[in-house]
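Asker: Can you keep this structure in mind? I'll have questions shortly.
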Amino acid sequence: AAAALLKEAVVSTQSTGDHDYLESMYAMFKKVNAKEKIVGWYHTGPKLHSNDIKINEIIKNYCPESVLVIIDAKPKDLGLPTDAYIAVDEVHDDGTPTTKTFDHVKSEIGAEEAEEVGVEHLLRDIKDTTVGTLSQHLTTKVTALKSLHDKLNDISVYLGQVAEGKLPVNHPIIYQLQDVFNLQPNLNVPDLMKAFTVKTNDQNLVMYTASIIRAVIALHSLINNKTTNRAAEKELNKKVEVEKDDKEEKEKDTKEDSNKKEVKS
């Protein structure tokens with residue numbers, strides 16, 4: 001990643017970039033990372049700005065299919081602190097000319113195999129061994145539910161603004177929401193509710209039993225370790241006492257021999 005020098009006006013909606021700087025950085029990038037390709041640019045937002053479309057057009061000179069990634073440096077919500085967008089042409093229903101806008105694309109953060117191995121080595125020393133599978137599962141569920149709650153709030157705010165006329169109707173978004181509502185299960189059916197309950201209880205029972213077994217095995221290993229250490233300590237004490245007695249007997253014999261020699265002399 002390299003910094004993109006851009007000058008953005010405060011009042012107007014114009015933005016210019018240092019093309020010489022971008023071209024020199026692009027040439028340097030091709031020399032250093034010949035196997036990698038530039039896929040787009042990013043900024044720390046944390047939201048889209050009015051001049052992002054114009055800046056994206058400048059970046060397209062070096063990357064035709066430019067992707068904009070907004071990184072939230074200080075995330076307040078749970079989930080991935082990044083959002084990816086691509087520029088698309090928006091067709092208006094009233095027949096006005098098309099305009100450029102950003103369309104959200106799915107994204108994920110990954111790492112190469114060498115990076116994953118390095119991170120595992122770094123986290124090995126700080127890994128909390130007391131955290132079990134059950135607690136991790138519950139933490140993941142809570143995080144997912146909080147993220148779902150935030151997304152539903154965003155949908156509610158968007159639909160409210162559309163109903164009040166503050167935002168135009170976006171038919172693809174409405175179609176997606178209609179598909180979401182249609183795919184939801186009907187929880188008013190008693191048999192379906194019973195099936196959900198039974199399946200959830202069975203899954204939780206297996207996880208709870210596995211956690212108890214894991215705890216019992218850990219306690220058993222701890223008791224065995226203490227017993228082994230005590231036995232080894234007793235053997236060591238006995239060995240030290242035997243060596244001490246042998247040393248005292250040798251010193252006593254040596255002293256008696258010296259006394260006998262003195263008597264003879």
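Asker: Within the stretch 53-111, track down each residue that is hydroxyl-bearing (Ser, Thr, Tyr) and part of a loop (DSSP other than H, G, I, E, B).
Answerer: Within the stretch 53-111, TYR62, SER66, THR96, THR98, SER107 meet the criteria.
Asker: Tell me, yes or no, whether the stretch 194-207 has at least one residue that is among the aliphatic types (A, V, I, L, M), over 30 Å from ASP103 (Cα atoms), within 30 Å of the chain's Cα centre (by Cα) and surrounded by 12 or more Cβ atoms within 10 Å (Cβ to Cβ).
Answerer: Checking the stretch 194-207: at least one residue is among the aliphatic types (A, V, I, L, M), over 30 Å from ASP103 (Cα atoms), within 30 Å of the chain's Cα centre (by Cα) and surrounded by 12 or more Cβ atoms within 10 Å (Cβ to Cβ).
Asker: Would you please list the contacts, defined by Cβ atoms under 7 Å and residues six or more apart or on different chains, that run from a residue in the stretch 208-230 that is closer than 20 Å to GLN136 by Cβ to a residue that is surrounded by 10 or more Cβ atoms within 10 Å (Cβ to Cβ)?
Answerer: TYR208/LEU134; ALA210/THR133; SER211/GLY132; SER211/THR133; SER211/LEU134; ARG214/GLY132
Asker: In contact with a Lys or Arg (Cβ under 9 Å, 6 or more places away or on another chain) and either at pLDDT below 80 or within 30 Å of GLY40 (Cα to Cα) (or both) - does that describe any residue in the stretch 121-129?
Answerer: No, there is no match, as no residue in the stretch 121-129 is in contact with a Lys or Arg (Cβ under 9 Å, 6 or more places away or on another chain) and either at pLDDT below 80 or within 30 Å of GLY40 (Cα to Cα) (or both).
Asker: Continuing with the same structure: Which of the residues spanning the stretch 58-74 are open to solvent by 80 Å² or more (accessible area, probe 1.4 Å) and not polar (S, T, N, Q)?
Answerer: PRO64, GLU65, LYS74
Asker: A further question follows. Please specify each residue of the stretch 136-168 satisfying the condition of being outside any helix (DSSP H, G or I) and at negative phi.
Answerer: LYS166, LEU167, PRO168
Asker: Does LEU159 count as surrounded by 11 or more Cβ atoms within 10 Å (Cβ to Cβ), more than 28 Å from the chain's Cα centre (by Cα) and modelled with pLDDT of 90 or more?
Answerer: Taking the combined requirement at face value, the residue satisfies it.
Asker: Within the stretch 64-79, does at least one residue satisfy the condition of being β-branched (Val, Ile, Thr), closer than 25 Å to HIS171 by Cα and out of contact with any strand residue (DSSP E or B) (no Cβ under 8 Å at 6 or more places or on another chain)?
Answerer: Within the stretch 64-79 (the criterion being β-branched (Val, Ile, Thr), closer than 25 Å to HIS171 by Cα and out of contact with any strand residue (DSSP E or B) (no Cβ under 8 Å at 6 or more places or on another chain)), the answer is no, since none of the residues qualifies.
Asker: Going through the stretch 40-57 one residue at a time, which ones are open to solvent by less than 70 Å² (accessible area, probe 1.4 Å) and closer than 7 Å to ILE70 by Cα?
Answerer: Within the stretch 40-57, HIS43, GLY45 qualify.
Asker: I'd like the full set of residues that are at pLDDT 70 or above and either touching a helix residue (DSSP H, G or I) at 6+ places or on another chain (Cβ under 8 Å) or not acidic (Asp, Glu) (or both), limited to the stretch 241-265.
Answerer: Those that are at pLDDT 70 or above and either touching a helix residue (DSSP H, G or I) at 6+ places or on another chain (Cβ under 8 Å) or not acidic (Asp, Glu) (or both): VAL242, LYS244, LYS247, LYS250, LYS252, THR254, LYS255, SER258.
The values are calculated or read from the model by the stated rules, or taken from the named source; none is laboratory data. These numbers come from a predicted model, not from an experiment. Every residue, glycine among them, receives a Cβ derived from its backbone with ideal geometry; neighbour counts consider all protein chains shown. We work out accessible area using only protein heavy atoms, side chains counted, and drop any ligands, DNA or RNA first. Shrake-Rupley method; radii C 1.70, N 1.55, O 1.52, S 1.80 Å.
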